[in-house]
Amino acid sequence: MRKAAAIPLSLLGAGVAGLGYASVIERNWFRLRRFDVPVLAPGQRPIRILQISDLHLTPGRTRLINWVRSLDALNPDLVVNTGDTLAHPDAVPAYLRAVEPLLSRPGLFVYGSNDLYAPRPKNPARYLWSSSKGPTQTIPNLPWTELGAGMTAAGWLDMNNTTARVKVGELDIHVGGIHDSHINRDRYDEIAGPAPADADLRLGVMHSPEPANMSRFAADGYQLLLAGHTHGGQLCIPFYGALVTNCGIDRARVKGLHRHDSAWLHVSAGLGTSPYSPVRFSCPPEATLLTLVPRRPSAA
């Protein structure tokens with residue numbers, strides 16, 4: 001009888017310990033990832049892009065707020081926020097405090113679904129078998145306009161379904177951005193067409209890395225694509241990786257630096273979680289510093 005009870009009790013204990021680790025330790029174990037991206041013309045000086053994504057911020061996440069503030073010490077040349085910043089109606093002041101040191105630098109942003117629609121309680125296990133694509137809410141109930149105004153007032157560019165030109169260091173960068181395809185607000189047709197060949201860099205920005213949109217960016221000549229949304233899988237199995245991506249991208253590219261057609265693609269695993277699924281396992285929260293360097297003279 002004791003032996004029969006020992007195994008399930010051991011499994012229960014391991015499960016409780018794993019849940020505690022995933023919700024208390026790893027969820028707050030913020031990391032900075034670094035990649036060199038050989039995308040500049042030979043002879044150009046490298047620049048640093050800091051990408052933040054998927055904060056899903058609530059006002060009480062002081063540790064996350066302070067960690068984001070500390071990223072200014074990296075001296076990035078450009079800051080890119082790829083969306084899903086909010087998770088609470090009162091989170092805008094907390095976010096603006098988090099990025100306050102960074103707002104004096106060139107920056108740009110797109111929205112994710114959770115910048116418009118507040119998260120709602122649901123079975124976390126649904127994430128493993130059902131995509132959340134498409135809004136279940138029709139009227140935005142998060143202060144996304146206030147969020148955007150706080151960033152644009154500091155000079156950051158709103159890149160939702162639009163293009164812009166930005167000077168970063170010695171580089172003239174053409175940027176194309178789209179709103180979140182996960183809630184069907186992406187309008188690539190509004191930015192479609194060959195990106196200017198005279199730009200030193202052609203940068204595409206989106207929240208959800210949907211292959212159809214990424215292929216259009218690449219076909220239009222964009223050299224580097226930045227996205228978030230996936231949380232890197234959020235719940236991963238060691239030596240196997242993500243179970244799901246929650247979008248059209250394959251599991252092998254759920255996070256990190258990869259190729260997509262002729263372009264480089266970076267997918268951020270993000271910094272937060274839904275407050276109703278506050279766990280990460282084998283997938284720590286992260287921001288990324290991308291150092292753009294000259295490509296080899298023979299590279300396309």
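Residues in the range 189-206 that are under 30 Å from PRO119 (Cα atoms) and surrounded by fewer than 19 Cβ atoms within 10 Å (Cβ to Cβ): ASP189, GLU190.
Count of the range 151-180 residues, restricted to those that are without any contact (Cβ under 8 Å) to a residue 40 or more places away in the chain and either small (Gly, Ala, Ser) or assigned to a helix (DSSP H, G or I) (or both), is 2.
Before we move on, is ARG296 in a loop (DSSP other than H, G, I, E, B) and open to solvent by 50 Å² or more (accessible area, probe 1.4 Å)? Judged against the criteria, ARG296 is a match. Can you pull out the residues in the range 181-208 that are closer than 30 Å to ILE139 by Cβ, in a loop (DSSP other than H, G, I, E, B) and not hydrophobic (A, V, I, L, M, F, W, C)? Selection gives ASN184, ARG185, ASP186, ARG187, HIS207, SER208. If you go through the range 194-253 and keep only what is over 25 Å from ILE183 (Cβ atoms) and touching a residue at least 60 places away in the same chain (Cβ under 8 Å), you end up with ASP200, LEU201, GLN223. Of all residues in the range 70-114, those that are open to solvent by less than 20 Å² (accessible area, probe 1.4 Å), closer than 17 Å to TYR276 by Cβ, not hydroxyl-bearing (Ser, Thr, Tyr) and not in a strand (DSSP E or B) total 4.
Of the residues in the range 181-191, how many are among the hydrophobic types (A, V, I, L, M, F, W, C) and without any contact (Cβ under 8 Å) to a residue 60 or more places away in the chain? The number of residues fulfilling the criteria is 1. Report whether or not ARG259 is of a type in the set (D, E, K, R) and either part of a helix (DSSP H, G or I) or at pLDDT below 95 (or both). For ARG259, the condition - of a type in the set (D, E, K, R) and either part of a helix (DSSP H, G or I) or at pLDDT below 95 (or both) - is not met. Answer yes or no as to whether LEU265 is in a strand (DSSP E or B), within 13 Å of the chain's Cα centre (by Cα) and at pLDDT 95 or above. When the stated conditions are applied, LEU265 passes them.
Within the option set LEU103, LEU55, LEU78, being modelled with pLDDT of 95 or more and within 19 Å of ASN114 (Cα to Cα) holds for one residue only, LEU55. Scanning the range 262-277 for residues that are open to solvent by less than 40 Å² (accessible area, probe 1.4 Å) and over 14 Å from LEU226 (Cβ atoms) yields a count of 5.
The values are calculated or read from the model by the stated rules, or taken from the named source; none is laboratory data. All values derive from a computational prediction rather than experimental measurement. Neighbour counts run over all protein chains shown; Cβ positions are idealised from the backbone, glycine included. Just the protein is used for accessible areas: all its heavy atoms, side chains included, with ligands, DNA and RNA removed. Shrake-Rupley method; radii C 1.70, N 1.55, O 1.52, S 1.80 Å.
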